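For reference, the structure is listed below as structure tokens.
The values are calculated or read from the model by the stated rules, or taken from the named source; none is laboratory data. Keep in mind that what you see is a predicted model, and the values were worked out from it rather than measured. Don't worry about glycine lacking a Cβ; one is built from the backbone with ideal geometry, like all the others, and counts go over all protein chains shown. For accessibility, only protein heavy atoms count, side chains too; no ligands or nucleic acids. Shrake-Rupley method; radii C 1.70, N 1.55, O 1.52, S 1.80 Å.
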Amino acid sequence: MFAVRRTVARGSLALAGFLAAGAVLAREVRDWSDGWEFSFDKKEWRPVAIPHDWAIEGPFEPDGDTATGKLPWRGTGWYRTNLVLDKAPEGRRIFLDFDGVMCDGTVFVNGQPCARQEYGYLGMRADATAYLFAGTNSIVVKADTTKLTSRWYPGAGIYRRARIFETSDVYLDERDVFVNAGKDGDGAWNVRVNGEATSRRLVDVTAEVKVCIRSPQGEVVADCRGEVRIPPCGKGDFSLDIPVRNPELWELKPNAALYTAEISIAACGNEEDSIAVPLGFRTFSFGDDGFHLNGRRVQLKGVCLHSDLGILGMAFNRSAMRRELEALIDMGVNAIRTSHNAPAPELLELCDEMGLFVWDECFDKWNDTSARGDIPLEEFVSAKLAEFVRRDRNHPSVFVWSMGNEIPRGIACPPSPEYWGGPSASGTSAERCARFRNVVKALDPSRPVGMACCFPDIVARGDYDALDITGWNYNEKYMPMRKRHPSKPVLYTESASAISNWGHYAAKFPEHRTDYDFDAISIDSYDRNSAPWSDIADVEFARMERDRFVGGEFVWTGVDYLGEPTPFGDSPVNGRDYAKKDLARSSYFGVFDLLCLPKDRAWLYRSVWNKDAFTLHIVPGHWTFPEKAGASIPVYVYTSADEAELFLNGASLGRRRKNPAATLGGEYYGVMQRYRLMWDDVPYVPGELKAVAYNADGTVAGEETLRTAGEAAAVVLAPEKALLPPDGKEFVFVRIGVADARGTLVPENGRRIYFSVEGPGEIVSVGNSDPRGLESFKDTSSHTLYNGRAGLYIHRTAPGRVVLRASAPGLEDAAAAFD
């Protein structure tokens, strides 16, 4: 149905034909990435591809707001394109669909407002039919972030997927359909499909609804038919039950068994519309011993993720998100918390496919971080929760609905008083929690409704009594709720908030968890530091082993993100003053850095969480410390084995075993002996440091060797994939470093690497691991290294051979070729 015409003027998408109903596809969906232009003033326009984040282009503002990444995200941007129709859309509907416009988004069709969404983390769908005519139609999208408040970098623009839907004037909206698999009283599986069909015809319509269930292999395993009557220009309800025998169960593992419910509607013998809905067969419950999936207890090993993708900003890219999830799964992760806003629908699609539990969270607070402006709180939150649930309820990866994060108790008060960053009157109450829970349950009775909490004093007031589940952030704050409601489940929705810089090993060893490297304005990578309100990873491991009634933890955070650079986000820090330009622009919390490359801490988590893989990693991550000659330094080994031996230039420094008797309650760092092997005083001598891990029977499980690096001799490019996919939306990540003449990576700072691309390829973004770096991610001609590494995303623009080249003065060049 869709045909794209090339035009010299403004980008256009042409919808050709509008054939007779019998010859037209029931539904056509077209990607709408290309053909857009962007402007701040509606005078000067430049071409852009959607998704697009205008603020990630910078430049960084050295004295800017550290909380939101020192980036210029606040403002109003305009997007435009043309939609060319051969005929007016008679008997057909055309919808303009946007997964996310930050923050207050409005769609104009031929100058008329057609759709608006105040909350930028939820999408909007514009029924443009009544505004379209044969010929060239103007489409303009306004993205206004001026009314938004944020505690981290929110991005700006049309930052998620855009599509065009065309269908009949009798149609299905997937948000109006709820497909849920469950067991009946006899233990047999049944799929219930409840929904509404819509007609824009001026007469009554009697239509047939058909549901076809396909297995993960694409085979039809069950089907069912029913009838729906739809009044003129109205909606008609339908409900169908389809038994399915012995389905494969959806589990928390990659390549989860994902079925599909294909739902179609036909009238007068013609198929009018069809949709496909993901379907997972799984049972779950929260009990006195935590979380159960398909009848067995599963420990949730989760991470919190903000919406940005590091050096890509908020412009969502499916391949980059898949890369993050693959790295986290390898670490042992089986759960994601969408902190603290409604995620990209494509993230949930990936979690469905990759077998990840999702704590789906709609809001941070109910104050200005939701951009509700002058809309009353009860009205706004109820409406947005309803949109959120209708959007996400057909994803089997979603297990919990969260109404918000760390919302303080609401207190009626005179104007001005604030509590936790917002008006005191905008907090929780027993009535609000019950009311908002009811909104969610009316749309999905199958999942628990809760929120992430950090104020235990609210428990006694009863604000959370109506909730099905509560999440708790830090310091085992779940205990008061456990005492008041021992039968209600709890999860640890934020744990750790441990902090570190990739590759930074401080001159002074941290003596306590808030002993940061104040001189270097950095944080040590021996994983002994956390935020003042939180704990190191080992403490949280021990809590989860002890408190089995907690279903699991969500680490803050899986990957570093732009904004919230605790502790170097505000001055003074522990009494020391810093210039604004010296403060950071991105977080230190991530187990992975802003490039989604592992910090040392990733190997600690992997050694504890991923029991299906062997892990062995030495900290520090290199053995090149000329400034420490003659001194002793600590060496840690993170391994899934219980015992390891350390060798320095061939001489044994002794064997160490983990101590299972090390528990909470003693000296703070004492619990580390349960999870780490430690040699506190290793003399620094250049050469070779080797760790050998042993199995329980004494055989060698594996080994890792670090070698002292010489002078840098060559640039190194290490693509994570050998092929550059033909789809230009697929990005490939390339690691960048320098090595000595023997190939040992050199852990140096500040060397600038220069890039060029031959052939039909393009560097999308480039960056390094420095939370204080202010180089543009979009200046792809060059970038500096940070502690020996940087990275970039590259994609293809057309068929053909692509060669990425990297150089630095005085070093051998590097090249990576993609056919």
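Scanning the range 256-265 for residues that are open to solvent by 30 Å² or more (accessible area, probe 1.4 Å) and assigned to a strand (DSSP E or B), we see that the one that is farthest from Val228 (Cα to Cα) is Thr260. Put simply, of Ala434, Ala383 the only residue that is in contact with a helix residue (DSSP H, G or I) (Cβ under 9 Å, 6 or more places away or on another chain), surrounded by fewer than 24 Cβ atoms within 10 Å (Cβ to Cβ) and among the small types (Gly, Ala, Ser) is Ala383. Residues in the range 236-254 include none that are outside any strand (DSSP E or B), of a type in the set (D, E, K, R), touching a residue at least 60 places away in the same chain (Cβ under 8 Å) and farther than 19 Å from Val398 by Cβ. Of the residues making up the range 285-300, those that are under 16 Å from Arg546 (Cβ atoms) and either open to solvent by less than 50 Å² (accessible area, probe 1.4 Å) or among the β-branched types (Val, Ile, Thr) (or both) number 3. Can you tell me which residues in the range 202-215 are in a loop (DSSP other than H, G, I, E, B) and surrounded by fewer than 16 Cβ atoms within 10 Å (Cβ to Cβ)? Leu202, Val203, Asp204 - these are the residues of the range 202-215 that are in a loop (DSSP other than H, G, I, E, B) and surrounded by fewer than 16 Cβ atoms within 10 Å (Cβ to Cβ).
With respect to (1) crowded, with 19+ Cβ neighbours inside 10 Å; (2) over 23 Å from the mean Cα position of the chain (by Cα); (3) in a helix (DSSP H, G or I), the lone exception for Val389 is condition (2). On the given criteria, is Gly666 among the small types (Gly, Ala, Ser), out of contact with any Pro (no Cβ under 6 Å at 6 or more places or on another chain), exposed (fewer than 12 other Cβ atoms within 10 Å of the Cβ) and at pLDDT below 95? So Gly666 fits the description; yes.
Within the range 251-260, none of the residues are among the β-branched types (Val, Ile, Thr), more than 27 Å from the chain's Cα centre (by Cα) and farther than 30 Å from Trp609 by Cβ. Gly100 passes every criterion in (1) under 25 Å from the mean Cα position of the chain (by Cα); (2) within 22 Å of Arg200 (Cβ to Cβ); (3) of a type in the set (Gly, Ala, Ser) apart from (2).
Taken together, Arg528, Arg576, Arg585, Arg548 contain a single residue that is more than 30 Å from Glu775 (Cβ to Cβ) and basic (Lys, Arg), which is Arg548. Ser402 satisfies every condition listed in (1) hydroxyl-bearing (Ser, Thr, Tyr); (2) more than 26 Å from Arg116 (Cβ to Cβ); (3) buried (at least 23 other Cβ atoms within 10 Å of the Cβ) except (2). Among the residues of the range 315-358, the one identified as polar (S, T, N, Q) and either surrounded by fewer than 19 Cβ atoms within 10 Å (Cβ to Cβ) or free of Cβ contacts under 8 Å to residues at least 12 places away in the same chain (or both) is Ser319. Can you tell me which residue within the range 648-663, out of those that are farther than 28 Å from Asp612 by Cβ and either polar (S, T, N, Q) or in contact (Cβ under 8 Å) with a residue 24 or more places away in the chain (or both), is most open to solvent (accessible area, probe 1.4 Å)? Result: Asn649. Per the listing Gly630, Gly665, Gly698, Gly654, the residue uniquely in a strand (DSSP E or B) and at positive phi is Gly654. Among the residues of the range 735-742, at least one is surrounded by fewer than 16 Cβ atoms within 10 Å (Cβ to Cβ), at pLDDT 95 or above and out of contact with any Phe, Trp or Tyr (no Cβ under 8 Å at 6 or more places or on another chain).
Once the range 776-797 is narrowed to residues that are in contact (Cβ under 8 Å) with a residue 60 or more places away in the chain and not in a strand (DSSP E or B), the residue that is nearest to Ile499 (Cα to Cα) is Asn787.
This table checks each residue for (1) more than 29 Å from Trp556 (Cβ to Cβ); (2) surrounded by 16 or more Cβ atoms within 10 Å (Cβ to Cβ).
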site	(1), (2)
Thr76	yes, no
Glu90	yes, no
Arg93	yes, yes
Val101	no, yes
Asp104	no, yes
Gln112	yes, no
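Scanning the range 124-153 for residues that are outside any strand (DSSP E or B) and not aromatic (Phe, Trp, Tyr) turns up Ala128, Thr129, Ala130, Leu132, Ala134, Thr145, Thr146, Lys147, Leu148, Thr149, Ser150, Arg151. Residue by residue through the range 748-770, note down the ones that are more than 20 Å from Gly58 (Cβ to Cβ), of a type outside the set (Asp, Glu), at pLDDT 95 or above and open to solvent by 40 Å² or more (accessible area, probe 1.4 Å). Those that are more than 20 Å from Gly58 (Cβ to Cβ), of a type outside the set (Asp, Glu), at pLDDT 95 or above and open to solvent by 40 Å² or more (accessible area, probe 1.4 Å): Arg751, Ser756, Val757, Gly759. On inspection, Lys253 qualifies as open to solvent by 80 Å² or more (accessible area, probe 1.4 Å) and either closer than 21 Å to Leu348 by Cβ or among the small types (Gly, Ala, Ser) (or both). Any residue at all in the range 514-528 that's closer than 14 Å to Tyr668 by Cα and open to solvent by less than 10 Å² (accessible area, probe 1.4 Å)? Within the range 514-528, one or more residues are closer than 14 Å to Tyr668 by Cα and open to solvent by less than 10 Å² (accessible area, probe 1.4 Å).
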